[in-house]
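The values are calculated or read from the model by the stated rules, or taken from the named source; none is laboratory data. These numbers were taken from a predicted model, which means no experiment stands behind them. We place every Cβ from the backbone using ideal geometry, glycine too, and count neighbours over all the protein chains shown.
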Amino acid sequence: MDWSERLQQIDRRWIYLFIIVMVSIAILRPLGLPVRITDTTRMLYDHIESLPPGSVVWLGMEYSTGSIAELNPQIIAVVHHIFKKDLKLIVSGMWQDGPMIAQGLIEPLAEKYGKEYGVDWVNLGFRAGGTPYIRLMTEDIMEATAGVDHFSKPLKDYPLMQQVPRLTKEYVDFIIVADTGTPGSPEWLAYVSDPQGIPMGVCIIQMSVPGMMPYVQAGQYVGLVPGLRGAAEYEILVGETGPAVTGTDTSSMAAILVTLFIILGNIGYVMSVRRKEQE
Amino acid sequence: MRKELPMFITAVSGLVVVFSRYFQLGEQWNLTTTLDRWSLVSAAFAIGLGLGNLTRIHYRNVKRRREHWPFSLYLIIVMWAYMILGLYQDVEGTHFRWIYDAVLMQLSATIYGIIAFYISSAAYRAFKIRTREAAVMMIAAVIVMFGVAPIGDAIWANWGKVSDWIMNYLNVAGRRGILLGAYLGSFAVAMRIILGLERAHLGGIGTGTTIQ
């Protein structure tokens with residue numbers, strides 16, 4: 001095997017090894033590279049910043065445990081902002097994992113900011129049904145949720161839910177949807193946000209960003225937090241730097257490594273083409 | 001009757017939703033809300049049905065000692081044990097929550113994380129400048145990849161702007177075209193389903209075929 005072939009056929013195990021070494025270095029010894037705040041993240045931040053204290057923010061948790069590495073830091077940063085601004089928070093989920101994940105993330109933050117469950121925030125839990133569920137909440141939250149929350153406790157006992165009988169513009173000021181698939185933010189847009197005229201923003205994994213950009217440009221999403229980088233940006237904006245800022249260094253390392261391998265593969269390819277031409 | 005009844009229900013439900021959306025009278029009658037209520041109840045039943053069906057299938061695998069039957073047994077035990085624990089403790093019960101956090105969450109995140117290794121290996125093999133189109137795709141991918149990672153801005157201050165331009169113009173233009181095509185296609189499929197021309201949603205009965 002000559003060099004042109006060697007460069008094109010590097011054993012994938014070497015690639016895996018280099019990736020794990022480089023990512024580990026970035027985690028153990030962060031580079032601390034500055035993170036530029038993208039426009040879409042700032043738009044979401046500015047919108048939440050503009051809400052007056054006491055406004056109700058609805059958080060649609062439409063993702064499963066596979067995406068926690070990217071989406072959990074986003075939710076933590078956004079909830080920091082919500083509680084700092086003294087906004088009310090209602091959580092729901094069309095995905096069964098969403099409200100479970102939310103409970104684990106929000107509970108410690110609520111404790112930190114002295115927020116009382118039922119008064120300042122409520123977790124409605126998972127309900128089967130997908131889009132009919134969120135649509136029915138625009139008519140009657142009690143009926144759509146069978147009148148109970150994530151813990152099967154009656155919603156009528158919570159002051160926050162007494163204030164918010166329906167998912168309409170009259171009662172809800174902003175919707176944030178964290179999603180990785182269907183049903184997700186496009187369903188929230190089509191069945192709740194657009195018909196009810198409630199502004200909406202999204203927290204999504206980096207892979208979903210290209211698909212969501214048309215909605216941002218059309219003004220249907222007032223902002224978008226893109227992947228782990230977006231989480232880092234939001235952490236910086238809200239002044240609560242955490243795991244996402246360190247995590248972005250891993251993406252820098254991975255980008256360098258992948259590009260190096262792509263270059264090596266292409267050098268090998270060009271060498272083999274030239275050799276064939278000479279022959 | 002096995003074909004006609006589901007097709008009739010589908011057609012009536014579809015027409016009700018269309019009528020409710022596009023006519024004021026339909027909105028006044030609030031027919032979609034009634035359908036939504038039925039849909040929620042059906043979805044809740046479907047979960048129970050799924051549980052029963054899954055148990056039945058895997059019980060048969062175990063009983064007949066089919067290939068990989070120990071996995072079927074494992075699935076039945078884990079599924080029922082976790083469900084009973086959840087019913088006994090509630091969803092935020094100590095043990096229920098611990099299993100969720102320590103097992104399910106970690107395993108799912110790990111499996112998703114492994115994708116990074118496969119993507120790296122796939123990028124190395126796929127991004128070859130065999131044609132001009134492939135070269136353009138490779139260059140765009142590298143620009144966006146470095147634009148997303150902070151290293152791009154560290155190398156060149158305008159890297160992020162170039163990456164954003166690709167995402168905001170080239171990407172959005174293409175995406176809009178795809179979305180419009182997909183929505184028109186969805187509309188056509190919806191009409192075919194309502195009219196009974198498409199029967200794939202009926203499962204085994206004439207899957208994906210049209211009535212001649």
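Cβ contacts < 9 Å: first residue within 9 Å of chain A (Cβ to nearest Cβ) and under 19 Å from A:Tyr215 (Cβ atoms), restricted to region B:160-177; second residue among the β-branched types (Val, Ile, Thr) and surrounded by 14 or more Cβ atoms within 10 Å (Cβ to Cβ), any location; separation 6+ or different chain. Result?
B:Asp164/A:Thr38; B:Met167/A:Val209; B:Met167/B:Val144; B:Asn168/A:Val216; B:Asn171/A:Val209; B:Asn171/B:Val144; B:Val172/A:Val216
Where the second residue is outside any helix (DSSP H, G or I) and the first is at the interface with another protein chain (Cβ under 7 Å from one of its Cβ atoms) and lies in region B:91-109, which pairs have Cβ atoms under 8 Å and are six or more apart or on separate chains?
B:Val91/A:Gly125; B:Val91/A:His150; B:Val91/A:Phe151; B:Glu92/A:His150; B:Glu92/A:Phe151; B:Ser108/A:Ser64
Name the single residue, out of those in region A:225-243 being touching a Phe, Trp or Tyr at 6+ places or on another chain (Cβ under 8 Å) and of a type outside the set (Val, Ile, Thr), that is farthest from A:Ile27 (Cα to Cα). Write out each step before concluding.
Let us first name the residues in region A:225-243 that are touching a Phe, Trp or Tyr at 6+ places or on another chain (Cβ under 8 Å), namely A:225, A:234, A:237-238.
If we keep only those that are of a type outside the set (Val, Ile, Thr) too, we end up with A:234, A:237.
Working: A:Tyr234: 20, A:Leu237: 22 Å.
Filtering region A:225-243 for residues that are touching a Phe, Trp or Tyr at 6+ places or on another chain (Cβ under 8 Å) and of a type outside the set (Val, Ile, Thr), the one farthest from A:Ile27 (Cα to Cα) comes out as A:Leu237.
Can you say whether A:Ala26 is under 13 Å from the mean Cα position of the chain (by Cα) and either surrounded by fewer than 19 Cβ atoms within 10 Å (Cβ to Cβ) or not in a loop (DSSP other than H, G, I, E, B) (or both), as far as the supplied structure shows? I'd like the intermediate steps shown before the answer.
On the way: under 13 Å from the mean Cα position of the chain (by Cα): no; either surrounded by fewer than 19 Cβ atoms within 10 Å (Cβ to Cβ) or not in a loop (DSSP other than H, G, I, E, B) (or both): yes.
Spelling it out, it is not the case that A:Ala26 is under 13 Å from the mean Cα position of the chain (by Cα) and either surrounded by fewer than 19 Cβ atoms within 10 Å (Cβ to Cβ) or not in a loop (DSSP other than H, G, I, E, B) (or both).
I'd like the full set of residues that are β-branched (Val, Ile, Thr) and part of a helix (DSSP H, G or I), limited to region A:208-232. Even if it seems obvious, please write down each step before you answer.
In the first step, residues of region A:208-232 are kept if they are β-branched (Val, Ile, Thr); the result is A:209, A:216, A:222, A:225.
The answer is A:Val209, A:Val216.
Identify all residues within region A:11-22 that are at the interface with chain B (Cβ under 8 Å from one of its Cβ atoms) and closer than 23 Å to B:Trp159 by Cβ; write none if there are none.
Within region A:11-22, just A:Ile19 meets the criteria.
Which pairs turn up if I take residues in region A:98-123 that are within 11 Å of A:Phe83 (Cβ to Cβ) and look for partners that are acidic (Asp, Glu) with beta carbon separation below 8 Å, at least 6 apart in sequence or on another chain?
Every condition considered, the pairs that remain are A:Ala110/A:Glu116; A:Ala110/A:Asp120.
Can we say A:Gly201 is over 17 Å from B:Gly147 (Cα atoms) and at pLDDT below 95? Give the derivation first.
Numbers: over 17 Å from B:Gly147 (Cα atoms): yes; at pLDDT below 95: no.
Spelling it out, it is not the case that A:Gly201 is over 17 Å from B:Gly147 (Cα atoms) and at pLDDT below 95.
Within region A:210-260, track down each residue that is within 14 Å of the chain's Cα centre (by Cα), at the interface with chain B (Cβ under 7 Å from one of its Cβ atoms) and of a type in the set (Val, Ile, Thr).
Across region A:210-260, there are no qualifying residues.
Which of the numbered conditions does A:Gln9 fail, given that it passes all the others? Conditions: (1) outside the structural domain of A:Val273 (by TED's automatic domain parsing); (2) modelled with pLDDT under 95.
For A:Gln9, the failing item is (1).
Quick check on this structure: which one of B:Ser20, B:Ser13 is touching a Ser or Thr at 6+ places or on another chain (Cβ under 6 Å), at pLDDT below 90, part of a helix (DSSP H, G or I) and surrounded by 12 or more Cβ atoms within 10 Å (Cβ to Cβ)? So that I can check it myself, show each step before the final result.
On the way: B:Ser13 fails: touching a Ser or Thr at 6+ places or on another chain (Cβ under 6 Å).
After applying the criteria, what remains is B:Ser20.
Please go through region B:81-95 and pick out each residue that is assigned to a helix (DSSP H, G or I) and either over 26 Å from the mean Cα position of the chain (by Cα) or more than 14 Å from A:His150 (Cβ to Cβ) (or both). Full working, then the answer.
The initial filter retains those residues of region B:81-95 that are assigned to a helix (DSSP H, G or I), namely B:81-89, B:94-95.
B:Ala81, B:Tyr82, B:Met83, B:Ile84, B:Leu85, B:Leu87, B:Tyr88, B:Gln89, B:Thr94, B:His95, listed by residue number.
Mind checking which residues of region B:117-137 are of a type in the set (Gly, Ala, Ser) and touching a helix residue (DSSP H, G or I) at 6+ places or on another chain (Cβ under 6 Å)? So that I can check it myself, show each step before the final result.
Filtering region B:117-137 for residues of a type in the set (Gly, Ala, Ser) gives B:120-123, B:126, B:134-135.
B:Ser120, B:Ser121, B:Ala123 - these are the residues of region B:117-137 that are of a type in the set (Gly, Ala, Ser) and touching a helix residue (DSSP H, G or I) at 6+ places or on another chain (Cβ under 6 Å).
May I ask you to list the residues in region A:44-63 that are farther than 22 Å from A:Ser92 by Cβ and within 15 Å of the chain's Cα centre (by Cα)?
Quick first cut of region A:44-63, residues farther than 22 Å from A:Ser92 by Cβ only: A:45-46, A:49-50, A:52-53.
The one that is farther than 22 Å from A:Ser92 by Cβ and within 15 Å of the chain's Cα centre (by Cα): A:Tyr45.
So, A:Leu44, is that one surrounded by 20 or more Cβ atoms within 10 Å (Cβ to Cβ) and touching a residue at least 12 places away in the same chain (Cβ under 8 Å) or not?
Values: surrounded by 20 or more Cβ atoms within 10 Å (Cβ to Cβ): yes; touching a residue at least 12 places away in the same chain (Cβ under 8 Å): yes.
Here the answer is yes, as A:Leu44 does meet what is asked.
Which one of these does A:Ser50 not meet: (1) of a type in the set (Gly, Ala, Ser); (2) within 13 Å of chain B (Cβ to nearest Cβ); (3) out of contact with any helix residue (DSSP H, G or I) (no Cβ under 9 Å at 6 or more places or on another chain)?
Tallying (1) of a type in the set (Gly, Ala, Ser); (2) within 13 Å of chain B (Cβ to nearest Cβ); (3) out of contact with any helix residue (DSSP H, G or I) (no Cβ under 9 Å at 6 or more places or on another chain), A:Ser50 fails exactly one: (2).
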